[in-house]
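Worksheet: one structure, shown below.
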């Protein structure tokens, strides 16, 4: 019944300390538990598909190492640096690691960058590093934007194979939605973009007021409308010459903007 199963050959290495620098070592498919290394240098070492559980790698230097498919759990990599390393499909959980890895360790393809930034964003939230989590979110969103754009537009073989036909059309609408939401409120991450959207809505209300109810050739009409528009938007003023449908639309926009504002605040404070 179990003829289709075979051992993975994963070697378990427990309670060991790295005695000296390593170069060109093949350390794939290992289970490192409570491994310790301080101020050691690892050059061109392959750690792919290994698990790091409760390891302590303090102020170590990793140069051109591979961490493809690795998992870091409850580990401490504080002070360690990664130069030219490969982190495709790597995952992090409750692990102390410098946020600079986002600048030097992102995978090449945008979909892998998105996954890499997401796992680090969740990891930084777990350990309470709000600044690093915000940095990871920005990289995740940018990678997602580029990935969605390439999914419907790029001629690269990878995207044309994985996003053919109707899937390509669906990717276009997903990209358009992403760009629109990014412009309106930075996909839930930018208070400045939300304030810009509110300013645009107020300006549109003022222009509509001038066009339908005032003299479009008079500068005073525009000044008066710009003075009244914020009051209408926040609900302080409800002109009698406006129909119920228009006032309801303005009220809906007001509540949507308020909900977006509260969402941004909740996200920011929840990371602290």
How big is D, in µm² s⁻¹, for the stretch 191-270 by Stokes-Einstein at 10 °C and 1.306 mPa s if Rh is the Kirkwood radius over C-alpha pairs?
117 µm²/s
Mean residue ellipticity (222 nm) of the chain, computed from DSSP H runs ≥ 4 via -39,500 (n - 2.57), nearest 500:
-17000 deg cm²/dmol
Translational diffusion of the chain, µm² s⁻¹ [Kirkwood Rh, Cα pairs; Stokes-Einstein; 20 °C; 1.002 mPa s]:
95 µm²/s
Candidates 61, 249, 95, ranked by Gaussian network fluctuation over the chain, Cα under 10 Å, top entry
249
Cβ density ranking, 10 Å radius, fewest first, applied to 183, 4 yields 4, 183
Candidates 235, 69, 186; GNM for the chain (alpha-carbon contacts under 10 Å) flags as most fluctuating 235
In Å³ and rounded to a whole number, note down the convex hull volume per residue for the Cα atoms of the stretch 11-163.
102 Å³
Inter-label distance for residue 268 and residue 236, nm, one decimal - labels placed 7 Å from Cα along Cα-to-Cβ:
2.3 nm
Residues 180, 194, 5, 148 in order from fewest to most other beta-carbon atoms within 10 Å are 5, 180, 194, 148
Could you work out how far the C-alpha centroid of the stretch 22-88 sits from that of the stretch 149-168, in angstrom?
34 Å
For the chain, set up a Gaussian network in which alpha carbons nearer than 10 Å are linked by springs, and say which option among 43, 246, 205 fluctuates the most.
246
Using label points projected 7 Å from each Cα along Cα→Cβ, tell me how many nm separate residue 245 and residue 192, to one decimal.
3.9 nm
Got a sec? How would 66, 214, 170 order by Cβ neighbour count within 10 Å, fewest to most?
170, 214, 66
Between residue 207 and residue 172, 0.36 nm times their residue separation minus their Cα-Cα distance comes to what?
9.4 nm
Where a label projected 7 Å from the Cα of residue 23 along Cα→Cβ would reach, residues of the stretch 84-109 with amide N under 11 Å:
none
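Values quoted throughout were computed directly from the atomic coordinates according to the rules given, and no laboratory measurement underlies them. Computed from a predicted structure; not experimentally measured. Counting neighbours? That spans all protein chains shown, and the Cβs are built from the backbone with ideal geometry, glycine included.
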